[in-house]
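To start, the structure itself, in structure tokens.
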Amino acid sequence: MIPDTHPVDKLLRPFDGQVPGISVLLLVDGSAHYARALGMADLERNAAITIATNFRLASLTKQFTAAAVLRLAAQGALSLNETIARFFESAPAYWRQITVHHLLTHTSGLADYEELIPPGTTTQLRDRDVFDLVRRVDAGYAAPGAAFRYSNTGYCLLALIVERVAAQPFAAFLREQVFLPAGMHFTAAYEGDGSAIPRRAFGYSFRDGAFVRTDQSLTSATLGDGGVYSSTIDLERWDAALSSDALLPEPWRAAMFTPHVITPSGDAYGYGWFLTGIAGQRAAYHTGETVGFRTAIVRLLDRQCTAIVLANRSEAAPLPIAHMLIRTVLDGSDIMEQAGD
């Protein structure tokens, strides 16, 4: 049993032991102030979680997809204001009104591809399959730019746009143009059966009194909206890259964290990040949710303080843990502590 020496320790007790677990990291001024790695990455093989364990990030992936697009924009290879119809043959006519910016900000109005998957489908979808599904829909939910509606579809199409502009697979572009410049050497995109993910955690759900493996679904092989695996230690490097020119020039990093649209909750959305306030401080965050995994990252924007929480079980709630970590810094109760590495 972990000792309660930090305000967050009590929240982590359910992840300690021979159960699917959690990896938690609090960064302050670029240094780890709190780190915990608890529970099991693989129950069947009795493999424990460490700070280097790779979790399926789910929608935290969207910040990497956004960074890939912004990197191409910074290089002059595409414009955020150009229509997406340019990139897709046989696109519906109304796609001529949808821009790259609309995809990035969830304001395209495009249909949710999850609702279009034919009954009886057993093969995992790829980003190209998402295009094939949504191109058959003659109209969107709303006019482009009219309203925020969270869209996995949009981010799958962004991955295809990156492939078209860069003339290489999206996973390869992420590896060469996003992960490696950021120093994320063990982060990888899942490309379906046979995809090698080093140091991988498997996902679980609690059913009928026991944890059962629920690691994959029909949408686990789409990349743009949720296909990246990473660890707290690599996400520490990602956080550092977002504070330097290693990946994006400052104006493009600023665009990522600019409020472009207001969401129904009253928060805002930038490019791949929700924007909010915490105790009067500007903050960016995102969560990820897929079968067997729950993830969250929260960054203060006016000081170096970031909380990362990755869990490989469906009933985990990482965002409150991340918020508590941030608040321990803001209210002065943070205690530097590392464990479980």
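The values are calculated or read from the model by the stated rules, or taken from the named source; none is laboratory data. Here the structure is a predicted model, which means the values were calculated and not measured. Positions of Cβ are backbone-derived with ideal geometry, glycine not excepted, and every protein chain shown enters the neighbour counts.
Does Asp245 satisfy being among the charged types (D, E, K, R), assigned to a loop (DSSP other than H, G, I, E, B) and more than 19 Å from Leu310 (Cα to Cα)? Working first, answer last.
Details: among the charged types (D, E, K, R): yes; assigned to a loop (DSSP other than H, G, I, E, B): yes; more than 19 Å from Leu310 (Cα to Cα): yes.
For Asp245, the condition - among the charged types (D, E, K, R), assigned to a loop (DSSP other than H, G, I, E, B) and more than 19 Å from Leu310 (Cα to Cα) - is met.
Do we have Tyr155 as closer than 22 Å to Ala268 by Cα, in contact with a Lys or Arg (Cβ under 7 Å, 6 or more places away or on another chain) and in contact (Cβ under 8 Å) with a residue 60 or more places away in the chain here?
Spelling it out, Tyr155 is indeed closer than 22 Å to Ala268 by Cα, in contact with a Lys or Arg (Cβ under 7 Å, 6 or more places away or on another chain) and in contact (Cβ under 8 Å) with a residue 60 or more places away in the chain.
Is it the case, given these coordinates, that Glu176 is free of Cβ contacts under 8 Å to residues at least 24 places away in the same chain, out of contact with any Ser or Thr (no Cβ under 7 Å at 6 or more places or on another chain) and surrounded by fewer than 20 Cβ atoms within 10 Å (Cβ to Cβ)?
Spelling it out, Glu176 is indeed free of Cβ contacts under 8 Å to residues at least 24 places away in the same chain, out of contact with any Ser or Thr (no Cβ under 7 Å at 6 or more places or on another chain) and surrounded by fewer than 20 Cβ atoms within 10 Å (Cβ to Cβ).
Which of the residues belonging to the stretch 244-257 are farther than 12 Å from Arg71 by Cα and either among the aliphatic types (A, V, I, L, M) or under 18 Å from the mean Cα position of the chain (by Cα) (or both)?
Matches in the stretch 244-257: Ala254, Phe257.
Filter the stretch 270-296 down to the residues that are surrounded by fewer than 20 Cβ atoms within 10 Å (Cβ to Cβ) and of a type in the set (Ser, Thr, Tyr) and list them by number.
Hits for the stretch 270-296 are Thr276, Thr287.
Considering (1) in contact with a Lys or Arg (Cβ under 8 Å, 6 or more places away or on another chain); (2) part of a helix (DSSP H, G or I); (3) aliphatic (A, V, I, L, M), say which one Ala68 fails and leave the rest.
Unmet condition: (1).
Kindly indicate the residue of the stretch 200-241 that is touching a Phe, Trp or Tyr at 6+ places or on another chain (Cβ under 8 Å), part of a loop (DSSP other than H, G, I, E, B) and hydrophobic (A, V, I, L, M, F, W, C) and also farthest from Ile297 (Cα to Cα) among those meeting that condition.
Once the filter is applied, the top-ranked residue is Ala221.
Can you tell me which residue in the stretch 37-62 is nearest to Ser230 (Cα to Cα), limited to those that are of a type in the set (D, E, K, R) and more than 20 Å from the chain's Cα centre (by Cα)? Even if it seems obvious, please write down each step before you answer.
Here is the first cut: in the stretch 37-62, the residues of a type in the set (D, E, K, R) are 42, 44-45, 56, 62.
Those left that are additionally more than 20 Å from the chain's Cα centre (by Cα): 42, 44-45.
Numbers: Asp42: 16, Glu44: 21, Arg45: 20 Å.
Looking at the filtered set, the residue picked out is Asp42.
Applying the selection to the stretch 78-105, what residues are of a type in the set (Ser, Thr, Tyr), modelled with pLDDT of 95 or more and exposed (fewer than 14 other Cβ atoms within 10 Å of the Cβ)?
Matches in the stretch 78-105: Ser79 only.
Counting only residues that are out of contact with any helix residue (DSSP H, G or I) (no Cβ under 8 Å at 6 or more places or on another chain) and more than 15 Å from Phe148 (Cβ to Cβ), which one in the stretch 254-269 is surrounded by the fewest Cβ atoms within 10 Å (Cβ to Cβ)?
Ala254
Looking at Ala182, Ala167, Ala188, Ala196 in this structure, which one is among the aliphatic types (A, V, I, L, M) and within 27 Å of Ser108 (Cβ to Cβ)?
Among Ala182, Ala167, Ala188, Ala196, only Ala167 is among the aliphatic types (A, V, I, L, M) and within 27 Å of Ser108 (Cβ to Cβ).
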